[in-house]
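Step one of this worksheet: look at the structure below.
The values are calculated or read from the model by the stated rules, or taken from the named source; none is laboratory data. Quantities reported herein were computed from a predicted structural model and do not represent experimental measurements. Note: ideal-geometry Cβ built from the backbone for every residue, glycine included; neighbour counts use all protein chains shown.
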Amino acid sequence: MHSQKGREHHRAQEGQHEIREHNEALGQHKQKGGKHQQAQEEQHETEALEQHGREQKGHEHHQAQEEQHEMRQLCGDPDKGVTAWPLAEIAQAVQPTPEQRALLDELKAAAAKAADVLKESCTDTYALTPPGRLRAMTNRVSATLEAVKIVRPALEKFYGSLSDEQQARFNALGIGEPSQQQPQQQEANAQPESCGDPKSSLTQLPIERIDAVVNPAGKQKEALERLGDATKQAIHGLQATCPNEVPLTPVGRLEAMQRRLEAMLEAASWVQPALDEFYATLSSEQKARFNTLPRRASQ
């Protein structure tokens with residue numbers, strides 16, 4: 001009887017030992033599995049961060065290319081109806097008198113001077129921050145406005161010397177029409193049907209998109225609201241300068257362009273301080289996110 005109890009006790013101990021070994025083995029397996037899963041998750045996060053970094057660099061590179069393309073258009077291609085006038089074509093169409101020929105030469109000299117003003121505004125650097133891009137855009141608009149102010153008196157003087165028949169022939173050339181201009185001048189010479197478009201290059205800040213991507217809080221949120229108000233004010237100011245009808249003469253188109261450029265500068269003066277204020281409140285990470293936002297609200 002005593003021997004039988006001893007054997008039963010020994011078997012019970014062996015059973016408990018086997019259970020402990022099984023539990024320990026199971027625990028080790030789970031621990032290894034957990035570490036493996038954790039390693040996979042960490043690897044996935046690392047890959048995701050690397051992918052985000054590549055995408056961000058790619059987007060910044062694309063933005064730089066856009067800036068370079070716009071700058072090349074401004075600095076390398078003449079603007080018909082502002083700094084580039086087909087003088088031989090004009091002369092052939094209107095058959096100027098000697099006095100009118102002298103005035104046409106004055107227009108040529110004024111256009112060359114205006115072209116120099118635009119070239120002096122060119123730069124080899126390209127802004128990648130929203131405040132920097134707006135300043136660069138403002139500088140280009142300001143240079144274009146100065147060029148228009150140089151050319152306009154000479155054009156008006158020459159055009160005013162022409163007879164009705166000569167003016168009609170000059171008008172028929174279509175010089176200065178938006179289809180012949182750079183994007184910057186097309187916006188400045190906006191037509192009635194598109195002039196009220198709120199997606200102006202100076203007022204195209206997608207406030208709701210900025211809010212979603214940057215996720216501002218506290219004072220940042222308040223600054224973004226002020227930026228939104230400034231953008232609305234700028235859009236309203238631009239819409240107020242929209243022409244009621246399309247100018248049909250080169251003189252009328254240049255006059256309308258000057259008014260539009262002046263309105264664009266005023267709009268920028270409203271948006272720039274609010275944009276600077278909002279940008280200054282952001283952290284480095286928030287700025288990086290803001291910098292990579294598409295520049296157009298429609299994108």
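Just to be sure, is LEU205 modelled with pLDDT of 90 or more, under 30 Å from LEU282 (Cβ atoms), in contact with a helix residue (DSSP H, G or I) (Cβ under 8 Å, 6 or more places away or on another chain) and surrounded by 14 or more Cβ atoms within 10 Å (Cβ to Cβ)? So LEU205 fails the test.
Any chance you could count how many residues in the range 232-287 are part of a loop (DSSP other than H, G, I, E, B) and over 23 Å from the mean Cα position of the chain (by Cα)?
7
So, in the range 210-239, exactly how many residues are small (Gly, Ala, Ser) and surrounded by fewer than 14 Cβ atoms within 10 Å (Cβ to Cβ)? The qualifying residues number 3.
Residues in the range 240-262 that are modelled with pLDDT of 90 or more, surrounded by fewer than 21 Cβ atoms within 10 Å (Cβ to Cβ) and small (Gly, Ala, Ser): 1 in all. Please specify each residue of the range 122-146 satisfying the condition of being outside any helix (DSSP H, G or I) and without any contact (Cβ under 8 Å) to a residue 24 or more places away in the chain. If the condition is that a residue be outside any helix (DSSP H, G or I) and without any contact (Cβ under 8 Å) to a residue 24 or more places away in the chain, then ASP124, THR125 are the ones that fit. The combined condition, being over 28 Å from ASN244 (Cα atoms), out of contact with any Pro (no Cβ under 6 Å at 6 or more places or on another chain), modelled with pLDDT of 85 or more and part of a helix (DSSP H, G or I), is fulfilled by ALA223.
Just one of the listed residues (ALA102, ALA112) is modelled with pLDDT of 95 or more and not charged (D, E, K, R), and it is ALA102.
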